């Protein structure tokens with residue numbers, strides 16, 4: 001087993017990375033998880049890049065309000081020589097959109113009608129090429145906590161995930177979503193609705209291949 005560092009903002013995004021590793025790169029195992037808020041992650045990019053020279057680092061960060069993933073990546077790496085084993089992944093617009101991309105399973109988990117779930121659409125994100133991503137009328141986490149959760153037929157979902165006013169997330173947001181990610185999230189189905197998720201899966205697979213091949217050459 002080859003070890004990697006996992007870097008992301010919260011337990012939901014860390015669970016997403018762990019699940020992708022399990023499904024698509026079983027030869028890789030997490031040595032340590034390095035959490036931090038978005039601003040903290042950005043300020044530590046140089047350190048993560050340097051760390052990847054000895055142990056690969058997988059970063060998952062949200063696009064949020066930046067025009068497109070390449071623009072955000074360029075900002076993160078400004079003035080830095082990007083190391084091959086520092087794998088930067090950007091969720092459009094937030095990682096929660098990747099959960100919604102598995103429309104059938106997530107609607108069932110939330111106990112909401114499939115008809116009210118957001119759908120995917122081709123969009124331009126600052127470049128010439130259109131990308132397929134979930135078409136959500138607000139930031140994904142906000143729409144989930146302030147709209148979808150309250151459409152649920154399950155009062156427990158409303159209480160755990162729902163939020164009102166300025167509250168960002170429900171009181172049991174992470175503990176409610178992590179079981180879905182671990183047990184019910186169909187990544188292949190979600191990939192059909194999200195190019196950014198497809199890109200992350202490919203990068204993880206390429207990292208595993210690179211590490212495994214390198215390990216064989218050193219034997």
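Please treat every number below as a calculation from the coordinates, not as lab data. Just so we're clear, the structure is a prediction, and the values are computed from it rather than from any experiment. Every residue, glycine as well, gets a Cβ built from its backbone with ideal geometry; the counts of neighbours run over all protein chains shown.
Which residue fluctuates most in the GNM of the chain (Cα springs below 10 Å): 85, 49, 154? Its mean-square fluctuation being the largest, the pick is 154. Report note on the peptides 10-16, 67-73: ranked by the mean count of other C-beta atoms within 10 Å, highest first, their order is 10-16, 67-73. Efficiency by 1/(1 + (r/R0)^6): what FRET value for residue 71 and residue 111, r their Cβ-Cβ distance, R0 = 35 Å, to the nearest 0.05? In this case the efficiency is close to 0.40.
The distance between label points at residue 209 and residue 154 comes to 3.8 nm (points 7 Å beyond Cα on the Cα→Cβ vector). Among 201-209, 115-123, sorting by the average number of other beta carbon atoms lying within 10 angstrom of each residue, highest first, gives 201-209, 115-123.
The alpha carbon centroids of region 125-193 and region 39-114 are separated by 16 Å. The relative contact order of the chain comes to 21 percent, based on Cα pairs under 8 Å that sit 6 or more residues apart. Principal-axis analysis of the Cα atoms of the chain puts helix 195-218 at an angle of about 30° to the longest axis. Sequence-distant contacts, meaning Cα pairs under 8 Å at least 6 residues apart, place the relative contact order of region 1-121 at 24 percent.
The simple spin-label model puts a point 7 Å past each Cα toward its Cβ; for residue 123 and residue 174 those points are separated by 2.7 nm.
Annotation: the residues 168, 131, 111, sorted from fewest to most other C-beta atoms within 10 Å of their own C-beta, follow the order 168, 111, 131. Where both bridge residues fall in region 2-218, DSSP classifies roughly 25% of the beta bridges as antiparallel. Computed over the chain with a Gaussian network model linking Cα atoms closer than 10 Å, the most mobile of 96, 104, 40 is 40. Please find, in a Gaussian network model of the chain (springs between Cα atoms separated by less than 10 Å), the residue of 25, 74, 101 whose mean-square fluctuation is greatest. Comparing 25, 74, 101 in a Gaussian network model of the chain, the most mobile one is 74. Here is how the number arises for the chain: DSSP H runs of 4 or more residues each give -39500 (n - 2.57), the sum is divided by the residue count, and the result at 222 nm is -13500 deg cm²/dmol.
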